[in-house]
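Engineer: To start, I am sharing the structure in question, which I have written as structure tokens.
The values are calculated or read from the model by the stated rules, or taken from the named source; none is laboratory data. The structure presented is a predicted model; accordingly, all values stated were derived computationally and were not measured. All Cβ positions, glycine included, derive from the backbone under ideal geometry; neighbour counts span all protein chains shown. Only protein heavy atoms, including side chains, enter the accessible area calculation; ligands, DNA and RNA are left aside. Shrake-Rupley method; radii C 1.70, N 1.55, O 1.52, S 1.80 Å.
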Amino acid sequence: MAMSSSLAAIRRRAVAPSPLAARARAMASLFGHVEPAPKDPILGVTEAFLADPSPDKVNVGVGAYRDDNGKPVVLDCVREAERRIAGNLNMEYLPMGGSIKMIEESLKLAYGEDSEFIKDKRIAAVQALSGTGACRLFADFQRRFLPDSQIYIPTPTWSNHHNIWRDAQVPQRTFTYYHPESRGLDFAGLMDDIKNAPNGSFFLLHACAHNPTGVDPTEEQWREISYQFKVKNHFPFFDMAYQGFASGDPERDARAIRIFLEDGHQIGCAQSYAKNMGLYGQRAGCLSILCEDEMQAVAVKSQLQQIARPMYSNPPVHGSLVVSIILNDPELKSLWLKEVKGMADRIIGMRKALRENLESLGSHLSWDHITNQIGMFCYSGMTPEQVDRLTNEYHIYMTRNGRISMAGVTTGNVAYLANAIHEVTKTK
Amino acid sequence: MASSAAAFAVLRGGKSEARAGCRVGITRKNFGRVMMALAVDVSRFEGVPMAPPDPILGVSEAFKADKNDLKLNLGVGAYRTEELQPYVLNVVKKAETLMLEKGENKEYLPIEGLAAFNKATAELLFGADNPVLKQGRVATLQSLSGTGSLRLAAAFIQRYFPEAKVLISSPTWGNHKNIFNDARVPWSEYRYYDPKTVGLDFEGMIADIQAAPDGSFVLLHGCAHNPTGIDPTPEQWEKIADVIQEKKHMPFFDVAYQGFASGSLDEDASSVRLFVERGLEVFVAQSYSKNLGLYAERIGAINVVCSTPEVANRVKSQLKRLARPMYSNPPIHGARIVANVVGDPTMFGEWKQEMEEMAGRIKNVRQKLYDSLSAKDKSGKDWSFILRQIGMFSYTGLNKTQSDNMTDKWHIYMTKDGRISLAGLSLAKCEYLADAIIDSFHNGLGTAK
């Protein structure tokens, strides 16, 4: 705790009451007008869950995978990758655009291993701070280079989408998506909104495993959407946060993107490794924009980097090392594919179990949607009041829009959960 | 203007005309709106220009391309050993191995980051016994190193102090301006560097801070000013605090080199602590890029010292609200390393040791460079400013043309403002560097200073 003696002497003088210091302390805060922010609707659920002392409590709120014991999982392929990293590599700054290797592998996953667009170097791509960061970079890019554009966001969507484009100051509109009566897709409404939007509009599409509904278009429907996008010259921006996690097969989960690419669209794509590699807190993701040619891709990438530089300078290295080690090593990649399928299969199994439990409890309601929907979330159709009852009477935590995180469902709690849902939804 | 843009588009589109076949007949109102007779696959990004190369990173790239044996890279603001290799601190390797053994999960951190890290970082900065911590008056958020911390603060300023201006030193780290520009916070400069003395223009600094509208934000480098290496003396810090108080300005510290400047973590934080002790509300951005060598992990924090704990809670909640649509929650790895190192007394002691060694190496090359310059330069020029500067960088006083001479003739890579990174200098190369500086200073074309 050594300090230079002259500085120490000055500090002693300063500690003695001085008019300036006393006045400063008596001053009102300069932050008097700063109101408390509302609680984040999703993260607030976990906070409440953690605070609950009940032994029966169940957390089906936040979208993070849990194993059948309700525990967070670190994939074996990730542990192995980390073992190879630990203490070895130095931590020099990545280039502004992030890890080249990680970007290369991410593009292969999204666009296809043999994609001509990759060969032709037509994709402007940067490593991003998971899905959020990728969306935000794109939103800021829109604001800067396409200042007249807006974004059409599905109803409903992940709540942070609204925050992202709002803070980027890009005007938002919504388009029809979810059909409450059937707990499925309102395809006719969706197509109407696509047709009625001005030509050249920007649309945010969930590539697979729509969050929060779990409702995805069929392949046929995707083809029709793509066709209509062509007619209207709309720009498709895909948020792909669950590749591999939805069906268990990354190629299959990228189907919508591939359809659009086949149809000649120039797309944007946000990718996240939070769920499919379990890298949540590592913030590993990628933003890509398919451009006209290599020269344009270089220009666009340079501008994405310009946006990133005053936000965080360059992206964090650790998660990107894990991703590139895994995807570059055939054995590790193969292990990853197995593990991601395992996660997806467990979720699919729990969907089946929840539905069967509800049906065998004699519920008169239809619960088909539980198994029709896909990915981490199930839009149960329950009302906020019913959700409140689940929480207050049964210590079951979920967001008030009725979204159940299936990742939180286990063989140990599925019966309890089904019973509680039945109790609050059964008609008298 | 619109029609020439269209013409340009058509001209440029020559090669793909055969492919697309429909370029003609397109008009463009501005970058965004494309009016067309029929839907065609013309790129929306036609008007996106190539961004200029980064002034600092471009230096490293040019260095890599140079085949000359004598080449020296003094551009990079990253610590190098005497062998000019990157350095991973031993204590960091230990922490990572420990973390691997513990096998902790990778769950999302809360928006404000890892609690253990936030506690450690605030204590490191303010001192563990600081009353402001005990009173709960500090809002601390883990953020993406120095840049991310500055950006969060800038976004907060834009939202809650939309009329306010930020005063930044002339010169300052290049990215400061980008950060405030992108956050849409107006800024102006206060005098700082005096080329005549290669020292601090203290009177100019005070005058400019005095002249600014009340309630401005004053961006101060806590220690080891980047790019000049020139820090105010303790007496000067007191006077700076006086004028800031008088004007009801908000002090906003960028602390990227705590421990790296003098070798002592506490001493390097004394400017911040001085302001806090006066009861002022203060913003402080921290980075662990240099002092723990965690560059690419992007670990830092934004701290806001508030008048009451209740205010601190509100401020924290709004900072979170700004972070959520930027990146949701911060990366975990670097935070865990810091928390482990600072939280374990043995590792903390080892860190302080390695910190002193790194700072010590820099002080040694400074001395050797000064000695070499004094011995070799027969002109009688006073090179002692090099010894008065502190931290990783030295502002040599060379202008752009002279800096170019350094590169073109001597294969020494530095930024064009005359800044050299002593972190990239070895004792072995000091004499060569001295020769180059003397030559560039006296013989390099352009107005010598």
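Engineer: By a straight-distance test (C-alpha under 20 Å), which lysines pair with B:LYS416 as possible cross-link partners, with residues fewer than eight away in the same chain excluded?
Structural biologist: Within the straight-line limit of under 20 Å, B:LYS416 reaches these lysines: B:LYS64, B:LYS71, B:LYS177, B:LYS196, B:LYS400, B:LYS449.
Engineer: Assuming a ≥ b ≥ c are the square roots of the Cα gyration tensor eigenvalues, decide whether region A:250-332 counts as rounded (a/c under 1.5), prolate (otherwise, with a/b larger than b/c) or oblate.
Structural biologist: Taking the square roots of the gyration eigenvalues as a ≥ b ≥ c, region A:250-332 is oblate.
Engineer: How many percent of the accessible area of the protein assembly as shown is carbon or sulfur, using a 1.4 Å probe?
Structural biologist: Ligands and nucleic acids excluded, carbon and sulfur reach 54 percent.
Engineer: Right, another one. Rounding to the nearest 20 debye, state how big the charge dipole of the protein assembly as shown is about its Cα centre with +1 on each Lys and Arg Cβ and -1 on each Asp and Glu Cβ.
Structural biologist: Its charge dipole is roughly 1260 debye.
Engineer: Here's another thing I want to ask about it. Compactness ratio of chain B: Cα Rg over 2.2 N^0.38 Å, N = residue count?
Structural biologist: Taking N as the residue count of chain B, the ratio is 1.10.
Engineer: Let me ask something else about it. Roll a 1.4 Å probe over the protein chains and send me the accessible area per residue for the protein assembly as shown in Å².
Structural biologist: Computed with neighbouring chains in place, this is 38 Å² per residue.
Engineer: A further question on this structure: DSSP loop trypsin sites (Lys or Arg not before Pro) in region B:369-403 with at most 12 other Cβ atoms within 10 Å of their Cβ, which ones?
Structural biologist: Sites meeting the loop and neighbour criteria: B:LYS378.
Engineer: Before anything else, pin down the relative contact order of region A:183-301: Cα pairs under 8 Å, at least 6 apart, normalised by residue count, whole percent.
Structural biologist: RCO, region A:183-301: 22 percent.
Engineer: In terms of the ratio Rg/(2.2 N^0.38 Å) built on C-alpha atoms, what value belongs to region B:108-343?
Structural biologist: Here the Cα radius of gyration is 0.94 times the empirical estimate.
Engineer: Rounded to the nearest 5, what is the percent of antiparallel bridges among the DSSP beta bridges in the protein assembly as shown?
Structural biologist: For the protein assembly as shown, the DSSP antiparallel bridge percentage is about 50.
Engineer: Let me know the whole percent of all Cα-Cα pairs from the protein assembly as shown that are separated by more than 35 Å.
Structural biologist: Every Cα pair in the protein assembly as shown considered, those over 35 Å come to 54 percent.
Engineer: May I pose another question? Run the simple label-point estimate for A:ARG143 and B:LYS177 please: 7 Å along Cα→C-beta, distance reported in nm.
Structural biologist: It is 2.1 nm.
Engineer: Of A:PRO147, A:PHE202, A:GLY189, which is farthest along the charge dipole of chain A in the positive direction, counting Lys and Arg as +1 and Asp and Glu as -1 at C-beta?
Structural biologist: A:PRO147
Engineer: Which residues does a label at A:GLU251 reach in region A:92-132, if reach means a backbone N under 16 Å from a point 7 Å past the Cα toward the Cβ?
Structural biologist: Answer for this model: A:108-116.
Engineer: What size of dipole, in debye to the nearest 20, comes out for region A:206-285 about its Cα centre when the only charges are +1 on Lys and Arg C-beta atoms and -1 on Asp and Glu C-beta atoms?
Structural biologist: 260
Engineer: How high is the FRET efficiency between A:GLU104 and A:GLN172 when r is their beta carbon distance and R₀ equals 25 Å, given to the nearest 0.05?
Structural biologist: It comes to 0.15.
Engineer: Chain pair A, B: how much accessible area is buried, both chains summed, with a 1.4 Å probe, in Å² to 100?
Structural biologist: 8900
Engineer: Quick one: Cα convex hull volume of region A:124-204, Å³ per residue?
Structural biologist: It comes to 108 Å³ per residue, whole-number rounded.
Engineer: Only helical DSSP H runs with n ≥ 4 go in: add -39500 (n - 2.57) per run for chain B, normalise by residue count and round the 222 nm mean residue ellipticity to 500 deg cm²/dmol.
Structural biologist: -14000 deg cm²/dmol, from helical runs alone.
Engineer: Note down the nm distance, to one decimal, between modelled labels 7 Å out along Cα→Cβ at B:ALA65 and at A:ARG79.
Structural biologist: 4.7
Engineer: For region A:224-302 and region B:72-109, what is the separation of their C-alpha centers, rounded to whole Å?
Structural biologist: Going from one Cα centre to the other spans 33 Å.
Engineer: Then there's this: Give the span of region A:94-328's Cα atoms along each principal axis, as three whole-Å numbers ordered largest to smallest.
Structural biologist: Cα spread of region A:94-328 along its principal axes, largest to smallest: 47, 39, 33 Å.
Engineer: Taking the Cβ-Cβ separation of A:TYR416 and A:ASN392 as r and a Förster radius of 25 Å, what is the calculated FRET efficiency to the nearest 0.05?
Structural biologist: E(calc), rounded to 0.05, equals 0.95.
Engineer: Right, something else. If one computes the Cα centroid of region A:395-428 and of region A:177-218, what distance in Å separates the two points?
Structural biologist: Spelled out, the Cα-based centre of one part sits 26 Å from the other.
Engineer: If you stretched the chain out fully between B:GLN85 and B:TYR160, how much longer would it get, using 0.36 nm times the residue separation minus the C-alpha to C-alpha distance?
Structural biologist: Value of the extension gain: 22.6 nm.
Engineer: So what's the back-of-envelope 222 nm ellipticity for chain A, counting only DSSP H runs of four-plus at -39500 (n - 2.57) apiece and dividing by all residues, rounded to 500?
Structural biologist: Calculated at 222 nm, the ellipticity per residue is -14500 deg cm²/dmol.
Engineer: Rounding to the nearest 20 debye, state how big the charge dipole of region A:94-328 is about its Cα centre with +1 on each Lys and Arg Cβ and -1 on each Asp and Glu Cβ.
Structural biologist: Approximately 760 debye in magnitude.
Engineer: Averaged over peptide B:51-57, how many Cβ atoms belonging to another chain are found within 10 Å of each residue's Cβ?
Structural biologist: Per residue, the average neighbour count from other chains is 4.
Engineer: May I ask you to list the residues of region B:307-324 whose amide nitrogen lies under 17 Å from a point 7 Å from Cα along the Cα→beta-carbon direction of A:GLU35?
Structural biologist: Taking a point 7 Å out along Cα→Cβ of A:GLU35, the residues of region B:307-324 whose backbone N falls under 17 Å are B:311, B:313-322.
Engineer: While we're looking at this one, here's another question. Expressed as a whole percent, how much of the Cα-Cα distance distribution for chain A exceeds 38 Å?
Structural biologist: Everything past 38 Å amounts to 29 percent.
Engineer: Now for a separate question. Measuring from a point 7 Å past the Cα of A:GLU92 along Cα-to-C-beta, which residues in region B:370-400 have an amide N at less than 16 Å?
Structural biologist: none
Engineer: Normalised by the residues of chain B, what does the relative contact order come to in percent, with Cα pairs under 8 Å and at least six apart?
Structural biologist: Relative contact order of chain B: 22 percent.
Engineer: Do you know which residues of region B:329-356 lose at least 50 square angstrom of accessible area in the protein assembly compared with their chain on its own, with a 1.4 angstrom probe?
Structural biologist: Checking the loss per residue gives B:HIS333.
Engineer: Still on this structure, please answer the following. Given Cα pairs under 8 Å that are at least 6 residues apart, what percent is the relative contact order of chain A?
Structural biologist: 24
Engineer: Another one. According to a simple spin-label model (label point 7 Å from Cα along Cα-to-Cβ), what is the distance in nm between B:LYS196 and A:MET295?
Structural biologist: Taking the two extended label points, one gets 5.1 nm.
Engineer: I need the phi-derived Karplus couplings for region B:87-92: 6.51 cos²θ - 1.76 cosθ + 1.60, θ = phi - 60°, integer Hz, Gly and Pro marked x.
Structural biologist: 10, 9, 4, 4, 5, 6
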